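The next block holds one structure in the form of C-alpha cells; read it before the comments.
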Amino acid sequence: MLFSPFSKRRRLQLRISERRLLLMVGDVLAVTASTFIALYIWSRAADTPFTIDFILPRSYWFFVLPVFWLILASANDFYQLKVAANRLQSLQRLGLITAQMILVYMMVFFLSPRDELPRLFIFYYGIMAFVLIALWRILNPALLGWASTARRVLIIGTDSSAQKIIETLHSHVEQGYDIRGIISHAEDVGKMIHNVPVIGAGADLMNFVLRDRIAELVITEIADTDADIFRAVMQAYEQGVVLSPMPLLYSRLTGRVPVQDVKNQWATVLPIEGQSLFSPYPALQRVMDVVLALIGLLVFIPLLPILALIIRLDSAGSIFYTQIRTGLRGKNFRIIKFRTMVQDAEKLTGAVFSTTNDKRVTRVGRIFRKTRLDELPQLLNVLKGDMSIVGPRPERPEHIARLTENIPFYRTRLVIRPGLTGWAQVKYHYGSTDEDALVKLEYDLYYIRNQSLLLDLNIIIRTVYKVIRLGGL
C-alpha cells in the first residue's frame, strides 16, 4: 500500500544551505538593528538630533558592518550547523568574532586621519550586536519551529562511501538530518551499516519515501549499477525528492572532496567546466596578489637585516633556502624561503617530508615555522606570478611523481597557481605522511572547485588567526 504524501500536515525539512541561509539572515538583521541602535546612542552622546540628516551621511555603515560580520563569521565557522546547535560554543565563537571585529576597527582607527572614524560608535555596535545575535541564536529553535524538523533521508547503497556519509552526518549535523534507513540489494536487507539498518531494496523505495516523507536520497555508486534502484530513484526524483550524490553532500559538510569515494562520480567534484573568459575572478585575484605582496614586502624589507642576523647567529649556513617546486600546469619554479633547517639537511636522506619534531630544524627555524616568517621571501614568487597568496601549497616534483601514482586526482592541484597559504593549511594540521597528503588533497580539491574572492578572504583571515596563535609547523 502506498502512503499519501498529504495524509498529514508536513513541516519544512530545510537543506543544509537553507539552514545556513536562515542563520545568516537572522545575523544580518541583528547586525543592521545593532548599527541603527549604535547610531542612535552616538547621536545622543554627541547631543545631536537623531534625524535623517544625521543618518544619511553615515548610512554606509549599514553595508560595511554586515559584510564585515559575514566575512569574520564565515572565517570562524559560525555557520557550521554543528557549532550553531551548541549554544555554549556559539556564544564563545560570537565573543571571539566580536573581539576580532573591534580589534580590526581599532587598528584602522589609529591608522586613519584624525576624526576620520568615530571613536565609540564601534563599541556601542559591538555590545548590541553581541546581545542581539546571542538572543537570535539562543531563541532560533523556538522562532523557527515551523521549519525545525530534521531532514529525513535515505542512504542508497552499502559500500564504504555509504558508511562514510553516515558517520559524517552523525558527526556534523546530527540534529539536522534524520537517517531513516538504507536501500540496497535484496540480500543486504537486515544488515547494519554504522548502526543504520538496510530496510529494503529498489522495489521498496517509494513505499518508504511516501510513508516517512523522505526529503532527500543520498546516492552512492550502487544507484548506477542496480536497475531496480535506479528506476525507483528516478521515480522519487519525479515526486520532488532531492538527489544528493555522496561526494557533493560530503563536500558541503566537511569542506573536503572524498577522493577515494568519488569513483564513477568524478565529474561531480572536478571543475570540468573550466574558467570563463568573462569571469572577473582571475584578474581580481591577481590584483589582490600583487597588492598584498607589495604591502608584505614593505613590512618585510626593514625586518630583513634583523631576521638574517638571527638566522646566522643560530646556525652556520646561508640565510635563504631555495628549492624546486612544481606550479601551475606542472611548470617547475624555484621557491625562496628563510633557511629553517641545518645546512645540507637532505644530503643523506634525499627528498623526504619534514615531520612535526624534525631534528633537522634549528631553534630559530622552529619559531620561524610557527610564525610562518620563513614564508615571507615567497612574496617575491607571488610578484613574479609563480604563486598566488591563496592556493594549494607547492610541492616538490619528487613527491608529486610518487603521490600521483598512489592518490587519484593528485595532479589536479596543478590546474591553478600554488599559494602561500591555502584551504588545506587552515583546516588541517601539518602533514608528514602520504595519508596526510591525501587529506590535504581533499581540501585542495574543494578549494579548486569553489574558488572565489570570499573564500580567499576567509582563508587569509584564518591564516592570520593561526599565525597569531603560533599555529604553524
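Laid out as a table, the results:
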read-out	value
Antiparallel DSSP beta bridges within the chain, as percent of all bridges there, nearest 5	40
Karplus (6.51, -1.76, 1.60) ³J(HN,Hα), θ = phi - 60°, over segment 81-87, in Hz, Gly and Pro reported as x	5, 5, 5, 4, 6, 9, 5
Per-pair calculated FRET efficiency, R0 = 25 Å: Glu238 and Asp188 via Cβ, rounded to 0.05	0.50
Spread of Cα-to-Cα distances over 20 Å intervals beginning at zero, given as percent, for the chain	20, 46, 30, 5, 0
Globularity ratio of segment 281-468, using Cα Rg and 2.2 N^0.38 Å	1.00
Segment Leu88-Thr322, length gained on full extension (0.36 nm per residue, minus Cα span)	79.6 nm
Cut-off under 5 Å, modelled amide H: who pairs with Asn332 long-range	Gly327
Projected-area average for segment 16-145 over all orientations - Cα convex hull basis, square nanometres	8.4
Cβ crowding within 10 Å averaged over residues, with 22-30, 286-294, 456-464, 42-50 ranked highest first	456-464, 22-30, 286-294, 42-50
Mean residue ellipticity (222 nm) of the chain, computed from DSSP H runs ≥ 4 via -39,500 (n - 2.57), nearest 500	-16000 deg cm²/dmol
Surface/4 of the Cα convex hull for segment 150-268, nm²	6.7
Gain in span if fully extended, Glu435 to Val291, counting 0.36 nm per residue against the direct Cα distance	48.3 nm
Label-point gap, in nm, between Ser171 and Arg58 - each point 7 angstrom along Cα→Cβ	4.7
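Rule-based calculations on the coordinates, nothing more; no lab input. Source: prediction; values computed, not measured. Methodologically, a virtual Cβ is constructed for each residue, glycine included, from the backbone with ideal geometry; neighbour enumeration extends over all protein chains shown.
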